[in-house]
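The structure appears below as structure tokens.
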Amino acid sequence: MILNRFYETLTREELEQLQIERLQSTLNRVYRYVAFYRQAFDARSVDLSRVKSLADLARLPFTTREDLRKSYPYEMFAVPLRDIVRIQATSGTTGKPIMVGYTKNDLRNWTECTARLLCSAGVDEHDVVQIAFPYNLFTGGFGFHQGAEKIGASVIPASNANTEAQLMIMRDFKTSVLICAPGFAGRISSTLASAGLHPENLHLRVGLFGAEPWSERQRTELEEGLHLQAFDNYGLTEVIGPGVAGECHERSGLHVNEDHFIVEVIDPRTLQALPPGEEGELVFTTITKEGFPLVRYRTGDLSRLLPEPCACGRTLARIQRISARTDDLIFFAGLKVFPSQIEEILSAAQGTTPQFRIVLDREAGVDTMDVQVEISEALPAFDELKNLEKLRDSLARGIQNGLGLQAKVSLVEPRSLGGEGKIRRVVDRRAEKMTTKEP
Ligand SMILES: [Zn+2]
């Protein structure tokens with residue numbers, strides 16, 4: 001099913017014409033109302049009247065996460081606060097989040113974008129949609145909620161209640177569509193299995209999973225464990241939230257809502273745009289957003305454009321599922337964590353910066369994090385087991401309090417993580433690992 005046949009099946013020429021008109025208007029607005037862009041354009045002597053084709057995008061500066069951090073809270077807003085009707089923020093990082101704002105038009109467009117994703121996964125007004133994303137500053141809950149209401153489904157804002165509560169709702173309310181992070185869906189699936197329940201006891205048929213990258217193996221596990229068809233979707237709070245791109249029934253790549261976002265793939269080293277088919281970093285320019293427009297935002301996510309037309313009939317470009325990132329950003333239990341944040345906590349607790357490694361794994365469908373820390377011979381506690389246990393507990397507590405995530409901490413021998421050489425900070429075994437099935 002195609003929600004908006006007009007915009008989702010434009011010819012490439014029609015689409016590019018629309019994109020360039022919307023781009024020009026966006027550029028003029030950010031130049032006038034956002035000091036950051038005025039300075040950035042002036043510094044590169046960008047003449048906006050000469051941006052006449054999509055190829056001219058290459059002359060525009062990039063926007064980075066760091067730029068947005070510095071703009072806290074409202075510096076990047078392109079309209080006065082009285083025109084903003086919703087404020088959300090990026091999730092899961094310590095310190096100041098990135099605040100984003102939506103006008104009434106922005107909310108309408110965002111709703112349209114998530115509704116398209118639901119529609120392309122086959123969700124309609126007969127469905128009972130359970131949204132198990134948190135309903136807070138994080139965009140996942142509200143973003144999908146609006147879209148599901150638009151298409152007339154019955155929406156249950158289950159938020160991030162525990163997995164037992166999710167299962168009870170799912171069974172009793174006859175939920176047919178589950179929307180959450182794939183890791184959380186995995187936990188629901190293993191709770192179901194350990195309760196001795198068969199997925200046939202549920203009424204699920206479709207799952208929309210996003211907010212963190214997940215593998216084809218996870219897809220198979222979730223489909224078997226929950227008896228549903230699993231669809232991937234992609235979005236970032238900075239760009240709009242969920243709804244930037246999503247899979248259609250072909251499930252071979254995610255269609256980008258190109259009438260709202262221009263997608264580029266760049267080489268993260270040279271920063272040059274790459275031709276379709278080559279893998280690089282995703283960069284988005286918003287072309288309809290009023291409250292928080294972004295020009296060439298570097299996402300850090302690695303993907304590639306799939307140039308072949310899609311059998312579903314949509315002409316919107318497809319990107320391959322996200323394979324990795326340009327940095328060490330960790331997606332864990334619905335949170336985004338940089339290793340540097342763990343490092344800060346470890347050094348605060350020990351007084352020195354220890355060598356450490358973060359090992360991510362999956363056990364029975366549940367993501368686990370093991371922070372391996374080299375103990376230092378200089379520590380007075382070094383010889384006593386009891387002291388080491390205390391140290392380990394206090395590090396785990398520090399991570400829990402500082403980042404809100406549960407990690408196991410293992411203390412390992414000095415220099416056992418690789419000594420002088422550069423330690424690989426993050427080892428992620430989740431993608432290659434099949435969950436051990438209950439007998
Ligand atoms: Zn398609």
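Within region 337-345, is even one residue within 16 Å of the ligand (Cβ to nearest atom), open to solvent by less than 30 Å² (accessible area, probe 1.4 Å), farther than 25 Å from Ala185 by Cα and in contact with a helix residue (DSSP H, G or I) (Cβ under 7 Å, 6 or more places away or on another chain)? The answer is no; no qualifying residue exists.
When Asp42, Asp67, Asp56 are checked against the criterion of being among the acidic types (Asp, Glu) and open to solvent by 50 Å² or more (accessible area, probe 1.4 Å), Asp42 stands alone in meeting it. Considering the conditions (1) part of a helix (DSSP H, G or I); (2) touching a strand residue (DSSP E or B) at 6+ places or on another chain (Cβ under 9 Å), Ser159 is excluded by exactly one of them, (1). Of Glu279, Glu290, all but one fail to be out of contact with any Asp or Glu (no Cβ under 7 Å at 6 or more places or on another chain) and open to solvent by 30 Å² or more (accessible area, probe 1.4 Å); the exception is Glu279.
For beta carbons closer than 8 Å, sequence separation of 6+ or different chains, a first residue in region 130-145 that is in the same structural domain as Ile179 (by TED's automatic domain parsing) and a second that is among the charged types (D, E, K, R), the qualifying pairs are Phe142/Arg86. One residue stands out in region 102-125 among those that are open to solvent by 10 Å² or more (accessible area, probe 1.4 Å) and not in a helix (DSSP H, G or I): the one that is nearest to Val244 (Cα to Cα), namely Gly122. Condition first: over 24 Å from Phe6 (Cα atoms) and not hydrophobic (A, V, I, L, M, F, W, C). Can you find one or more residues in region 245-268 that meet it? Within region 245-268 (the criterion being over 24 Å from Phe6 (Cα atoms) and not hydrophobic (A, V, I, L, M, F, W, C)), the answer is yes, since at least one residue qualifies. Evaluating Thr288 against the criteria (1) of a type in the set (S, T, N, Q); (2) closer than 24 Å to Trp214 by Cα; (3) more than 14 Å from the chain's Cα centre (by Cα); (4) more than 16 Å from the ligand (Cβ to nearest atom) leaves one unmet condition, (2). The residue that is nearest to the ligand (Cβ to nearest atom), among those in region 316-336 that are over 30 Å from Ile399 (Cα atoms) and open to solvent by less than 10 Å² (accessible area, probe 1.4 Å), is Leu316. Among the residues making up region 126-155, a single one is touching a helix residue (DSSP H, G or I) at 6+ places or on another chain (Cβ under 7 Å), under 14 Å from Ile169 (Cβ atoms) and open to solvent by 30 Å² or more (accessible area, probe 1.4 Å): Val155.
Taken over region 240-257, residues that are open to solvent by 10 Å² or more (accessible area, probe 1.4 Å) and either farther than 13 Å from Leu117 by Cβ or among the acidic types (Asp, Glu) (or both) amount to 2. What do you reckon, is Gly313 farther than 30 Å from Ser394 by Cα and open to solvent by 20 Å² or more (accessible area, probe 1.4 Å)? Here the answer is yes, as Gly313 does meet what is asked.
Among strands (runs of 3 or more DSSP E) lying entirely in region 214-282, which contain 1 or more residues that are in the same structural domain as Glu13 (by TED's automatic domain parsing) and more than 16 Å from the ligand (Cβ to nearest atom)?
By residue number, 229-236, 241-247, 261-266.
Identify all residues within region 304-345 that are at pLDDT below 95, touching an Asp or Glu at 6+ places or on another chain (Cβ under 8 Å) and under 20 Å from Phe62 (Cα atoms); write none if there are none. Correct list: Arg325, Thr326. Checked against (1) touching a helix residue (DSSP H, G or I) at 6+ places or on another chain (Cβ under 7 Å); (2) away from the ligand (no atom under 16 Å from the Cβ), Leu302 passes all but condition (1).
If you check Thr237 against the conditions, is it crowded, with 21+ Cβ neighbours inside 10 Å and hydroxyl-bearing (Ser, Thr, Tyr)?
On the way: crowded, with 21+ Cβ neighbours inside 10 Å: yes; hydroxyl-bearing (Ser, Thr, Tyr): yes.
Here the answer is yes, as Thr237 does meet what is asked.
In region 85-101, the residue that is modelled with the highest pLDDT out of those that are of a type in the set (Val, Ile, Thr) and surrounded by 20 or more Cβ atoms within 10 Å (Cβ to Cβ) is Val100.
The values are calculated or read from the model by the stated rules, or taken from the named source; none is laboratory data. The structure presented is a predicted model; accordingly, all values stated were derived computationally and were not measured. Every residue, glycine among them, receives a Cβ derived from its backbone with ideal geometry; neighbour counts consider all protein chains shown. Quick note on the areas: whole protein, heavy atoms, side chains included, nothing else; ligands and nucleic acids left out. Shrake-Rupley method; radii C 1.70, N 1.55, O 1.52, S 1.80 Å.
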